[in-house]
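The values are calculated or read from the model by the stated rules, or taken from the named source; none is laboratory data. Bear in mind the structure is a predicted one, so any value in this text is a computation, not a measurement. Positions of Cβ are backbone-derived with ideal geometry, glycine not excepted, and every protein chain shown enters the neighbour counts. These accessible areas exclude ligands, DNA and RNA; they are computed on the full protein's heavy atoms, side chains included. Shrake-Rupley method; radii C 1.70, N 1.55, O 1.52, S 1.80 Å.
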Amino acid sequence: MKKFFFYAMIAAAVLMTGCNKDDEKTDNTNGGSTNTETNLLDNQAAMNGDVIDITSTVAYQINDGENRYFVDAINQDAGLSIRFDLYESIVNKTVNLASPLSAGTDISIMVEMENLYLDQEIHPGDQSTEPYFAYNGTANGQEFEQQGSMFKSGTLKVSHTQEFGFVLVCTGELFNGMKVDLRIVVPQSEIDVWNSSK
């Protein structure tokens with residue numbers, strides 16, 4: 001009887017260990033997708049490692065041409081506002097933020113926080129227009145305008161599915177050395193869809 005009880009206890013311990021491992025796996029996923037790019041949870045930002053929660057929204061504009069996303073990440077208490085203006089062709093691409101023209105799609109990024117405002121415009125151009133790739137803004141009260149990318153390094157990834165909704169992961173280092181990490185997740189049911197022709 002003692003042997004039976006001993007083996008029953010071992011079996012229970014093994015089962016409990018297996019359950020704990022499954023729980024850990026669940027904790028490592030965000031919105032159904034594995035987060036391997038950053039250490040952030042859904043709808044968090046980190047500026048130089050300081051993590052804050054953000055309110056994220058996505059507006060999906062249906063156009064006669066290519067459809068478009070307007071993505072906002074905001075924390076009013078921290079004075080942080082980030083907006084992405086993206087075309088649908090960015091979905092499932094990994095954009096090198098230090099050389100984003102290679103993505104072949106228009107990208108606008110605006111970052112506003114204490115003592116810093118940045119506006120990045122990335123337009124690869126086509127047969128009728130020249131590429132335009134520059135950023136401008138204000139840092140510590142000084143205005144500036146520069147050619148190229150405001151990122152020294154980093155990546156931008158966007159996915160959009162019915163199951164997981166809209167997911168944007170951005171991680172990089174700005175021209176001034178500030179490190180930026182961002183994870184935006186908006187369920188499909190919360191995406192604001194509107195038709196530009198109406």
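Compute, for THR171, the solvent-accessible surface of its heavy atoms (probe 1.4 Å) with the complete set of protein chains present, and express it in square angstrom to the nearest 10.
40 Å²
Work out from phi, with θ = phi - 60° and the Karplus expression 6.51 cos²θ - 1.76 cosθ + 1.60, the ³J(HN,Hα) of each residue of region 45-50, listed in order in whole Hz, and give x for Gly and Pro.
So the J values, rounded to whole Hz, are 10, 10, 10, 6, x, 7.
Taking the Cα centre of region 58-177 as origin, work out the dipole magnitude from +1 charges on Lys and Arg Cβ and -1 charges on Asp and Glu Cβ, in debye rounded to 20. Working shown, then result.
Details: 5 positive and 17 negative charges, 81 e Å.
About 380 debye.
Sort region 76-186 into rounded, prolate or oblate with this rule: let a ≥ b ≥ c be the square roots of the eigenvalues of the Cα gyration tensor; rounded if a/c is under 1.5, and if a/c is not under 1.5, prolate when a/b is larger than b/c, oblate otherwise.
Values: a/c = 1.93, a/b = 1.13, b/c = 1.71.
Oblate.
Just how much of SER128 is accessible, in Å², when a 1.4 Å probe is used and the result is rounded to the nearest 10?
Approximately 100 Å² of SER128 is accessible to the 1.4 Å probe.
Among rounded, prolate and oblate, which fits region 144-198 when a ≥ b ≥ c are the square roots of the eigenvalues of its C-alpha gyration tensor, a/c under 1.5 means rounded, and a/b larger than b/c means prolate?
Judged from the Cα gyration tensor, region 144-198 comes out oblate (a/c at least 1.5, b/c at or above a/b).
For region 159-198 and region 107-142, what is the separation of their Cα centres, given in Å?
Computed from Cα coordinates, the inter-centre distance equals 18 Å.
Among 137-144, 69-76, how do they line up from the highest to the lowest mean number of other beta-carbon atoms within 10 Å?
Order by mean packing, descending: 69-76, 137-144.
Where does each of GLU112, GLU145 land when they are ordered by accessible area, with a 1.4 Å probe and the largest first?
GLU145, GLU112
Round to the nearest 10 and report in Å² the accessible area of VAL51, as given by a 1.4 Å probe over the protein chains' heavy atoms.
80 Å²
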